[in-house]
Amino acid sequence: MLQTQRLLSTSLTFAGGTDDVAERLRAALVQAHPSLLAAVPGGAETQTAQLARALTWLVHHLDRPPLLVEGTGRLGAALAACGVEPAQLQLVGAALAEAMRAGMAPGQWRQDFDLAWRSTWQHAFEWIAHGAARAGYEPPVWDATVVSHELRRPDLAVVRLRPSLPMPFRPGQFARVQVAGQPAIWRPYSLAGAPRRDDLIELHVRAKTTTGVSGTLVHETRVGDHVRLSRAEGTMTLPPDTTRPLLMIAGDTGVAPLKALLTELADTGDPRTAVLFWGVRNLDELYDIDEIAATARAARRATVVPVVSEGDPGPYACGLVTDAVAAYGEWSEAEVFLAGPPLMLAATSLALQQLGVTPAQIHHDAPE
């Protein structure tokens with residue numbers, strides 16, 4: 001095993017290092033099997049970085065079989081969650097060997113390098129396939145590292161995470177989060193982010209107490225800390241029909257999943273009209289307005305309308321968000337997305353039905 005590890009490490013150095021090999025490997029996979037990487041979150045830069053980290057991890061753990069088996073099995077479960085079938089991965093070994101060979105000077109590629117990589121991949125493939133099969137009855141869990149933590153208000157933070165393995169989600173969905181020290185508690189949070197661009201997940205967290213999951217994420221979490229994430233859930237995603245306008249109404253941190261929907265509209269060049277009303281009590285609660293407004297400007301036909309119910313509204317509308325929605329236009333043909341506190345969801349749904357919006361047009365996650 002140590003001899004194989006030395007061969008892998010040496011050949012990586014001869015081939016230009018993990019970053020160069022990962023770039024060539026991704027290019028080979030895109031050419032040979034485009035649907036494979038299309039199923040994995042992130043763009044070219046993110047996927048190349050993921051491959052480089054995977055190669056480094058594989059070489060470093062080759063002499064620790066239990067960790068190697070566990071890690072590749074978890075990769076298989078994560079890829080299965082992305083919709084990748086083990087059969088789609090059979091060509092990776094040959095593509096990897098070619099990515100190594102192509103980076104070496106003439107005569108540097110040796111038969112023992114080739115055998116070392118092909119045999120290592122064959123074992124890894126078997127463990128990945130086993131992990132994918134296990135995912136059918138044991139839902140995967142993702143470890144994630146905190147890469148940024150911004151306290152936007154005394155009780156509210158925007159936290160960005162990078163899962164250690166590819167984690168699929170559709171904009172508008174949520175996942176359950178577990179923090180260190182509280183292994184029995186999982187709390188749902190909407191997932192903002194741009195899965196077409198990168199592998200980062202953004203949480204908007206308001207501390208309901210000084211302890212618990214929310215209090216820990218807001219007051220105690222630092223860059224470099226680790227949390228765990230469950231599989232993404234929820235059906236509050238963009239409908240395929242692009243002819244109907246979109247009405248989005250958020251209260252408090254409920255703006256997070258709607259920000260994700262705006263990001264998806266921008267990243268896909270979606271042609272439909274979208275208006276996001278963000279209802280807050282005062283100007284200080286517009287903690288993410290600059291980023292959300294920039295996201296809306298990047299979309300083809302999206303608008304953000306902040307509505308301030310108390311105090312000086314500044315340049316924005318004042319009053320109840322439902323009144324602002326009613327005054328803005330006619331919504332009987334719109335698909336409506338709501339996110340916010342439970343009482344806000346109930347009151348807004350009732351107000352929308354009085355405006356001629358049918359319950360079937362109103363989408364929100366069930367309160368928990």
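The values are calculated or read from the model by the stated rules, or taken from the named source; none is laboratory data. Since the structure is predicted, the reported quantities are computational estimates derived from the model, not experimental observations. Positions of Cβ are backbone-derived with ideal geometry, glycine not excepted, and every protein chain shown enters the neighbour counts. Heavy atoms of the whole protein, side chains included, go into the accessibility calculation; ligands, DNA and RNA do not. Shrake-Rupley method; radii C 1.70, N 1.55, O 1.52, S 1.80 Å.
Observations on the structure shown:
- For segment 177-230: accessible area per residue (Å², 1.4 Å): 47
- Rounded, prolate or oblate (a/c below 1.5 giving rounded, otherwise prolate when a/b exceeds b/c) for segment 62-126 by Cα gyration tensor: oblate
- Only Lys, Arg (+1) and Asp, Glu (-1) charged, at Cβ; segment 218-368 dipole about Cα centre in debye: 340
- Using alpha-carbon coordinates, inclination of helix 92-102 to the longest axis of the chain, degrees: 70
- Of the trypsin sites (Lys or Arg not before Pro) found in segment 254-312, those in coil by DSSP whose Cβ has at most 15 other Cβ atoms within 10 Å are Arg281, Arg300, Arg301.
- Relative contact order [Cα under 8 Å, 6+ residues apart], the chain, whole percent: 13
- Per-residue extension of 0.36 nm, minus the Cα-Cα distance of Arg118 and Lys208, leaves a gain of 27.2 nm for this segment.
- Between amide H atoms placed 1.01 Å from N, distances below 5 Å from Thr303 occur with Ala274, Val275, Leu276, all of them 5 or more places distant or on a separate chain.
- Nearest 10 degrees, 0 to 90: helix 44-60 Cα axis against the chain principal axis: 50
- Total charge dipole magnitude, segment 308-368, about the Cα centre, Cβ charges on Lys, Arg, Asp, Glu only, Debye to nearest 20: 80
- Environment charge of Glu264, counting only residues whose C-beta is closer than 14 Å and scoring Lys/Arg +1, Asp/Glu -1: +2
- A Cβ-based charge dipole, computed about the Cα centre of the chain with Lys and Arg at +1 and Asp and Glu at -1, lands at about 720 debye.
- Stokes-Einstein D for segment 272-368, Kirkwood Rh over Cα pairs, 4 °C, 1.567 mPa s (µm²/s): 91
- Helix 255-268 axis, angle to the chain major axis (alpha carbon atoms, nearest 10°): 60
- Surface accessible to a 1.4 Å probe, per residue, for the residues of segment 96-176, Å²: 47
- Nearest-10 value in Å² for the accessible area of Thr209, using the 1.4 Å probe: 70
- In terms of its alpha-carbon gyration tensor, segment 93-188 comes out prolate; a/c meets the 1.5 threshold, and the first ratio a/b outweighs b/c.
- Sites listed here are chymotrypsin sites (Phe, Trp or Tyr not before Pro) in segment 88-152 whose DSSP assignment is loop and whose Cβ has at most 14 other Cβ atoms within 10 Å: Tyr137.
- Rounded, prolate or oblate (a/c below 1.5 giving rounded, otherwise prolate when a/b exceeds b/c) for segment 203-331 by Cα gyration tensor: oblate
- Taking the helices alone, the chain has a mean residue ellipticity at 222 nm of -13000 deg cm²/dmol, built from -39,500 (n - 2.57) per DSSP H run of at least 4 residues and averaged over all its residues.
- Gaussian network model of the chain, springs between alpha carbon atoms under 10 Å - residue of Ala324, Ala232, Ala256 with greatest fluctuation: Ala324
- Sparsely packed loop sites in segment 313-368 (the chymotrypsin sites (Phe, Trp or Tyr not before Pro) outside DSSP H, G, I, E and B with at most 12 other Cβ atoms within 10 Å) do not occur.
- Which of Thr46, Gln122, Leu258, positive extreme of dipole for the chain (C-beta unit charges): Gln122
- Heavy-atom accessible surface of segment 163-252: percent carbon and sulfur, 1.4 Å: 53
- Entry for Rg and Dmax of the Cα atoms in Å (calculated from the structure that is shown) out of (i) 24.2, 98; (ii) 23.6, 77; (iii) 19.1, 58: (ii)
- Unit charges at the beta carbon, dipole of the chain: most positive-side option, Pro315, His61, Leu283: His61
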